[in-house]
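Asker: There's a structure below that I have some questions on.
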Amino acid sequence: MIQGWHYPADSSARYEAVLSADGSRFTVTPSPHSPVTGNIQDLDVSPRVGNIPRKITLPDRSVFETTDNDGIDDLLAASGHKARRDGVLHHLESRWHWIAIALLLTLLTGFAALRWGMPWASKEIAYAMPVRATEIISEQTLDILDRSILDASELPAAQQQRIRQHFEQTLLPLQDEAFSYQLHFRKMSNIPNAFALPSGDIVITDRLIELAANQEEIDSVLLHEIGHVVHRHGLQQVLHSSFMTIAIIMISGDVTATSNIAVALPVFLLENHYSRENETEADHYAFERMLDAGIDPVYFGRIMKSISSNADTGKTDITGIKETDSNETALLKYLSTHPSTPDRVQQAEQYSRQFSHRTTQ
Amino acid sequence: MEILSCHDSAGCGLFKPICAGTDKFHSDTSICVYRYESRQEGFEMNETTRTEAEAATRSFQFTGKGGEFFRIWIVNLILSILTLGIYSAWAKVRTNRYFYGNTQVDNSGFEYHARPLAILKGRLIAVTLLLVYVLIGQLFPAAGMAFALLLLLATPWVMWRSMQFNARMSSYRNVRFGFNGSLNDAYKYLLYIPLIPLLTALLAGIVMWFVTGNADPGAYVPLVVTAFLVTYLMFPFLQKAITTYYIGNHRYGQGMLHVDLSAKKYYLIYLCMFGWSILIFAGIFLTAAAAMYFSGINIAAMLPAAEGEIPAMAMAPVIAATVFVYIAMLSAGVWIKAYVKAHVRNHVFSNIQLDNVLRLESSITTGRLFRFYLANILLMIFTLGFAYPWIKVRIARIMADTTHAQLAGSLDQYVSLQQSRQSAIGDEIGEAFDLDANLDLAF
């Protein structure tokens with residue numbers, strides 16, 4: 001005997017009713033009306049969700065509705081009704097050990113996807129992308145930068161020509177990737193900076209060249225940028241942030257979630273983490289190539305220092321932040337897109353020892 | 001027996017409600033309460049229903065529980081992850097069924113009927129579009145803009161389909177809802193009218209350019225600024241128009257929902273919001289400035305020293321002040337959101353009626369919503385988002401608690417109308433791009 005309401009087909013009129021089962025037959029008895037009977041197997045029972053009222057559609061399209069979920073489950077089990085299998089989900093949702101497993105799995109997969117899955121996928125796709133595609137992407141980027149923050153270089157044409165010639169004849173032969181490298185001179189108000197686009201377009205600012213004490217220092221910076229191109233860092237970052245955006249939208253079901261601080265902060269910290277890894281990778285690439293070319297890696301450390309001490313004029317992409325303090329706090333590290341300058345200088349000096357070791361042999 | 005009705009007061013709370021001090025002032029909600037009979041034209045009861053109506057205030061109830069929904073949510077989440085998102089269609093149906101089913105009035109719950117497979121199909125299309133959009137946007141900004149423009153043009157259609165689908169998939173007491181709004185009106189309110197100021201400015205700019213030949217972009221700035229200003233000024237009117245379109249075109253069986261909103265009321269709410277904002281932000285800055293002044297910190301004197309070392313001790317009060325201003329601004333922003341939401345919701349819900357049988361009442365307060373929003377931010381941060389199910393249950397409970405239905409007749413007479421079947425495509429594209437979130441009317 002299950003208590004509930006009976007609704008005639010498509011109607012909002014309702015009558016108190018009871019549902020009873022006898023063998024393979026059911027009977028619904030609405031209080032002022034005559035009973036409806038039929039085969040239990042012909043009942044259409046809605047799957048159970050929590051404790052919301054259960055809807056049972058009778059063969060005549062009238063509806064029996066009840067809050068006695070357990071009673072219905074017993075009836076389904078006893079009669080072997082096909083809807084009893086729908087109970088699997090409710091079973092998962094109501095046993096704490098399944099919940100604990102689900103919670104653990106969710107945390108693990110979430111962590112693994114963030115930590116390894118997305119970076120791995122970004123890397124694979126970035127390396128698989130044809131060089132031509134990277135060119136199409138970068139064309140527009142440089143255009144936009146030229147219209148917004150970059151101005152034409154004010155360096156003498158002869159100096160530009162000298163640096164470019166050196167870049168093409170000495171630095172490019174150090175690697176054998178199919179990118180069509182292009183060196184661009186630009187002025188970015190008074191900021192010393194250099195950056196690379198995925199296509200191999202490398203931009204260096206006037207101020208950086210002014211700060212460089214010699215050709216070797218410029219070389220070290222350009223090799224660092226070539227390192228970004230060779231390792232497809234730009235592409236990887238674009239792909240990675242696309243994945244993050246999609247994941248956030250999928251999980252929260254909400255496009256505006258990406259602007260929510262609770263979501264944006266971890267994403268920001270994570271992106272910076274990968275950015276720092278990329279910088280270190282590009283640094284190492286530059287050191288190795290400098291060793292190949294017979295340039296002392298210590299020059300990279302020197303130009304980093306010059307940029308840092310100049311940096312109170314603004315943010316630069318090559319050192320990232322303007323802190324020169326060696327006692328940089330841990331917090332600041334997380335907020336930074338670049339490794340700290342002292343760390344990079346120290347790395348350069350380490351490679352430099354390797355260099356002097358080699359040259360003395 | 002007295003039947004309560006929240007008749008809108010002067011609104012702001014900046015001023016006292018017009019009924020303050022009289023027996024019509026309801027101190028919990030700061031609104032004026034009038035007798036039901038004096039309320040609204042066109043809501044007359046015939047003799048047979050009058051006796052029934054006198055005792056017929058029914059409260060909405062939400063019977064769901066945070067722990068129970070957490071279990072459903074976490075299973076949904078892990079199964080969605082393990083099936084690479086495919087299960088999310090089933091997850092959506094289970095979630096909606098849970099919230100509809102637990103929202104009850106007059107001993108009956110609502111019901112959600114969408115089939116997971118229909119939703120899955122729409123969702124696959126939506127995700128494909130989203131992927132294309134994100135990739136194009138990242139790789140080719142210009143093409144991404146063109147794509148976004150196309151999406152913008154399709155938006156009213158998607159929302160219109162979404163409204164139809166959601167209405168058809170909902171029922172109460174075995175009778176389905178429906179949506180009768182026309183596609184033309186959807187375009188009118190969601191696209192044409194909102195764009196009028198900007199298009200007018202564009203046209204005026206072109207005419208100006210032809211007449212004066214002035215190529216200096218600076219000359220056109222006032223035109224653009226005016227267009228944006230007019231767009232903002234139109235916002236309350238638009239919100240009223242869209243809400244009226246959305247609710248007023250809903251059916252319950254053969255019955256029609258009516259909503260009688262006042263644009264004046266909307267403008268009053270936003271005007272009050274504006275007034276409060278100025279007062280609050282001025283207050284925050286004055287407090288911060290006064291604190292700095294009395295603690296003897298002189299920012300100007302510190303600026304030349306910025307090149308050298310600033311002792312950490314000297315920075316501490318500045319950091320404290322910054323943190324104070326930040327938290328105060330954040331809370332103020334949340335409070336303003338709660339203020340608008342509470343007042344708009346009360347105005348809308350208190351003016352909805354079904355034929356002459358049922359009328360809704362809403363009496364949510366700014367304070368209650370404000371505490372809820374503030375607690376959410378903290379909860380979400382400190383639980384890494386795992387508090388989400390409890391938050392969702394809590395807001396459903398708050399909304400149900402503050403909503404009442406007044407029955408002036410019998411609900412027995414309604415029957416579902418036969419409806420043509422449509423796919424979930426519009427609905428799901430709408431969901432992936434969060435288009436119907438701005439309507440913010442879902443119960």
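Asker: Could you check, for segment A:59-66, whether at least one of its residues is within 13 Å of another protein chain (Cβ to nearest Cβ), touching an Asp or Glu at 6+ places or on another chain (Cβ under 8 Å), over 29 Å from residue B:67 (Cβ atoms) and charged (D, E, K, R)?
Answerer: Within segment A:59-66, one or more residues are within 13 Å of another protein chain (Cβ to nearest Cβ), touching an Asp or Glu at 6+ places or on another chain (Cβ under 8 Å), over 29 Å from residue B:67 (Cβ atoms) and charged (D, E, K, R).
Asker: Any residue at all in segment A:149-162 that is at pLDDT 85 or above, away from chain B (no Cβ under 14 Å) and within 12 Å of residue A:222 (Cα to Cα)?
Answerer: No; the residues of segment A:149-162 include none that is at pLDDT 85 or above, away from chain B (no Cβ under 14 Å) and within 12 Å of residue A:222 (Cα to Cα).
Asker: From the list B:346, B:356, B:351, pick out the single residue that is over 30 Å from residue B:293 (Cα atoms), over 23 Å from the mean Cα position of the chain (by Cα) and more than 13 Å from chain A (Cβ to nearest Cβ).
Answerer: B:356
Asker: Could I ask something else about it? May I ask you to list the residues in segment B:403-421 that are aromatic (Phe, Trp, Tyr) and modelled with pLDDT under 85?
Answerer: none
Let's see how each residue does on (1) buried (at least 17 other Cβ atoms within 10 Å of the Cβ); (2) in contact with a Ser or Thr (Cβ under 6 Å, 6 or more places away or on another chain); (3) within 11 Å of chain A (Cβ to nearest Cβ):
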residue	(1), (2), (3)
B:78	yes, yes, yes
B:115	no, no, no
B:121	no, no, no
B:142	no, no, yes
B:148	no, no, no
B:157	yes, no, no
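Asker: List the number of the failed condition for residue B:174; all other conditions in (1) in contact (Cβ under 8 Å) with a residue 12 or more places away in the chain; (2) touching a helix residue (DSSP H, G or I) at 6+ places or on another chain (Cβ under 9 Å); (3) polar (S, T, N, Q) hold.
Answerer: The single condition residue B:174 does not satisfy is (2).
Asker: Cβ-Cβ under 8 Å, sequence separation 6+ or interchain: first residue in segment A:283-296 and assigned by TED's automatic domain parsing to the domain that holds residue A:225 and outside any helix (DSSP H, G or I), partner at pLDDT below 90 and of a type in the set (A, V, I, L, M, F, W, C). Which pairs?
Answerer: If the second residue must be at pLDDT below 90 and of a type in the set (A, V, I, L, M, F, W, C), the pairs left are A:296/A:290; A:296/A:355.
Asker: Could you say which residue among A:142, A:155, A:150 is closer than 17 Å to residue A:229 by Cβ and touching a strand residue (DSSP E or B) at 6+ places or on another chain (Cβ under 7 Å)?
Answerer: Just one listed residue meets the conditions, A:142.
Asker: Something else about it: Could you go through segment B:308-320 and let me know if any residue there is within 14 Å of another protein chain (Cβ to nearest Cβ) and at pLDDT 85 or above.
Answerer: no
Asker: I need every pair where a residue in segment B:382-395 that is within 11 Å of another protein chain (Cβ to nearest Cβ) and on the phi < 0 side of the Ramachandran plot has its Cβ under 6 Å from the Cβ of a residue that is surrounded by 19 or more Cβ atoms within 10 Å (Cβ to Cβ) and not in a helix (DSSP H, G or I), sequence separation at least 6 or different chains.
Answerer: Every condition considered, the pairs that remain are B:393/B:64.
Asker: Which one is surrounded by the fewest Cβ atoms within 10 Å (Cβ to Cβ), of the residues in segment B:58-76 that are of a type in the set (Lys, Arg) and within 9 Å of chain A (Cβ to nearest Cβ)?
Answerer: B:65
Asker: Ok, one more. I need the full set of residues from segment A:127-141 which are among the aliphatic types (A, V, I, L, M), within 12 Å of another protein chain (Cβ to nearest Cβ) and touching a residue at least 40 places away in the same chain (Cβ under 8 Å), in order please.
Answerer: A:129, A:137
Asker: From (1) assigned to a helix (DSSP H, G or I); (2) more than 46 Å from the chain's Cα centre (by Cα), pick out the condition that doesn't hold for residue A:73.
Answerer: The failed condition is (2).
Asker: Out of (1) away from chain B (no Cβ under 14 Å); (2) in contact (Cβ under 8 Å) with a residue 24 or more places away in the chain; (3) over 19 Å from residue B:113 (Cα atoms), the odd one out for residue A:3 is which?
Answerer: Condition not satisfied by residue A:3: (1).
Asker: Now a separate question. Working carefully through the options B:238, B:229, B:223, B:191, find the one that is modelled with pLDDT under 90, of a type outside the set (Gly, Ala, Ser) and in a helix (DSSP H, G or I).
Answerer: Within the list B:238, B:229, B:223, B:191, the selection yields B:223.
Asker: What are the residues in segment B:326-356 that are more than 25 Å from residue B:237 (Cβ to Cβ), modelled with pLDDT of 90 or more and touching a strand residue (DSSP E or B) at 6+ places or on another chain (Cβ under 8 Å), if any?
Answerer: Hit for segment B:326-356 is B:354, nothing else.
Asker: Here is a check on your reading of the model: is residue A:37 in contact with a strand residue (DSSP E or B) (Cβ under 7 Å, 6 or more places away or on another chain) and more than 13 Å from chain B (Cβ to nearest Cβ)?
Answerer: Yes: the conditions hold for residue A:37.
Asker: Quick one: residue A:113 ticks every box in (1) within 14 Å of another protein chain (Cβ to nearest Cβ); (2) among the small types (Gly, Ala, Ser); (3) in contact (Cβ under 8 Å) with a residue 12 or more places away in the chain; (4) in contact with a helix residue (DSSP H, G or I) (Cβ under 7 Å, 6 or more places away or on another chain) except a single one, so which number is it?
Answerer: If we test residue A:113 against (1) within 14 Å of another protein chain (Cβ to nearest Cβ); (2) among the small types (Gly, Ala, Ser); (3) in contact (Cβ under 8 Å) with a residue 12 or more places away in the chain; (4) in contact with a helix residue (DSSP H, G or I) (Cβ under 7 Å, 6 or more places away or on another chain), just (4) comes out false.
Asker: Which residue, of B:43, B:62, is out of contact with any Leu (no Cβ under 6 Å at 6 or more places or on another chain), of a type in the set (Phe, Trp, Tyr), within 30 Å of residue B:266 (Cβ to Cβ) and modelled with pLDDT under 50?
Answerer: B:43
Asker: Same structure again: If residue B:403 meets every condition in (1) over 30 Å from residue B:264 (Cβ atoms); (2) in contact with a Phe, Trp or Tyr (Cβ under 6 Å, 6 or more places away or on another chain); (3) among the β-branched types (Val, Ile, Thr) apart from one, which number is that one?
Answerer: Condition not satisfied by residue B:403: (1).
Asker: Against the conditions (1) within 12 Å of chain B (Cβ to nearest Cβ); (2) assigned to a strand (DSSP E or B), where does residue A:13 fall short? Just the number, please.
Answerer: The one condition residue A:13 does not meet is (2).
Asker: Kindly indicate the residue of segment A:27-49 that is part of a loop (DSSP other than H, G, I, E, B) and surrounded by fewer than 21 Cβ atoms within 10 Å (Cβ to Cβ) and also nearest to the chain's Cα centre (by Cα) among those meeting that condition.
Answerer: A:47
Asker: Of the residues that sit in segment B:159-185 and are part of a loop (DSSP other than H, G, I, E, B) and away from chain A (no Cβ under 14 Å), which one is surrounded by the fewest Cβ atoms within 10 Å (Cβ to Cβ)?
Answerer: Taking the candidates together, the pick is B:182.
Asker: Residue A:56 fails exactly one of the following numbered conditions: (1) part of a helix (DSSP H, G or I); (2) within 23 Å of residue B:108 (Cβ to Cβ); (3) in contact (Cβ under 8 Å) with a residue 24 or more places away in the chain. What is the number of that condition?
Answerer: (1)
The values are calculated or read from the model by the stated rules, or taken from the named source; none is laboratory data. In this text, all values refer to a predicted model and were calculated from it rather than measured experimentally. Quick reminder, even Gly has a Cβ in these numbers, built from the backbone with ideal geometry, and neighbours come from all protein chains shown.
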